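Here is the structure we will look at, set down as structure tokens.
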Amino acid sequence: MMTKNKSDSRCFLLGVTGGIASGKSTVSGMLAELGSPLIDFDLIARQVVEPGTEGLAKIVDYFGRQVLTEEGSMDRKKVANIVFGDIEKRKKLESFTHPLIHEAFCRQAEAIAAEDPEAIIQVAVPLLIELNLQHLFDKILVVHIPSEIQEKRLAERDNITPQAAANIMKSQLPIAEKLQFADFVVDNTGDLDYTRSQVEKIWHDLQKE
């Protein structure tokens, strides 16, 4: 895993994280509008297991062809069900995908920095704290909403029961623990204007870094 070395960095890396359904995408969109290029770990995670990739080949070798759809793509829900609650299988899956995700992240960051050495690059990583990736970033922004609102939004967004939403949330660190690592916090409980005003203030502060 690459270690962030600020002395030789050609750009500034802002890690953006938060709980599931907290509104990270909304905040990332606002930062992008202000001029912060986005690297999205979720998007990269999908790309490294597309048909024909090394990542998917390793997953099929280990889990079998049962994890493929009829079209030959990875059935994400099926894989999630297999590894949920099985630490050994989850670790195995991560050993296939995480190095590939990290390599793609480094390539994207280097490409952006080559084009604009002064760029403030935002990197959206849902499980940034859980994966202990804090060392990669100059600053960390956490998008925060209370857990009861988070559970309600997740249930509505994914059309699942409140109990199912609660179970998913239990697989992530409580938001209170994530806040301990935050350099910036966005309270996303209000309307878009309220969120935007916080993001603009953070962006202004980042210009001084």
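At-a-glance table
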quantity: The range 117-170: GluC sites (Glu not before Pro) in DSSP coil with no more than 12 other Cβ atoms inside 10 Å; calculated: Glu118
quantity: Fewest-first sequence of Asp138, Asp40, Asp205 by Cβ atoms within 10 Å of each Cβ; calculated: Asp205, Asp138, Asp40
quantity: 10 Å Cβ shell holding at most 11 others, DSSP loop, trypsin sites (Lys or Arg not before Pro): longest site-free stretch of the chain; calculated: 7-207
quantity: More than 16 Å apart - percent of Cα-Cα pairs taken over the range 44-115; calculated: 50 percent
quantity: Greater than 28 Å apart at Cα, pairs in Lys170/Lys208; Lys139/Lys170; Lys91/Lys208; Lys58/Lys139; calculated: Lys170/Lys208; Lys91/Lys208; Lys58/Lys139
quantity: Stokes-Einstein D (µm²/s) once Rh is taken as the Kirkwood radius of the chain over alpha-carbon pairs, at 4 °C in 1.567 mPa s; calculated: 71 µm²/s
quantity: Relative contact order, percent, the chain [alpha-carbon distance under 8 Å, six or more residues apart]; calculated: 37 percent
quantity: Qualifying GluC sites (Glu not before Pro) for the range 39-80 [loop in DSSP, other Cβ within 10 Å: at most 16]; calculated: Glu70, Glu71
quantity: Percent RCO, i.e. relative contact order, over the range 44-115, from Cα pairs under 8 Å lying at least 6 residues apart; calculated: 34 percent
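The numbers here are math on the coordinates, done by the rules we state, and not lab data. Bear in mind the structure is a predicted one, so any value in this text is a computation, not a measurement. Positions of Cβ are generated from backbone atoms using ideal geometry, with glycine treated the same way; all protein chains shown enter the neighbour counts.
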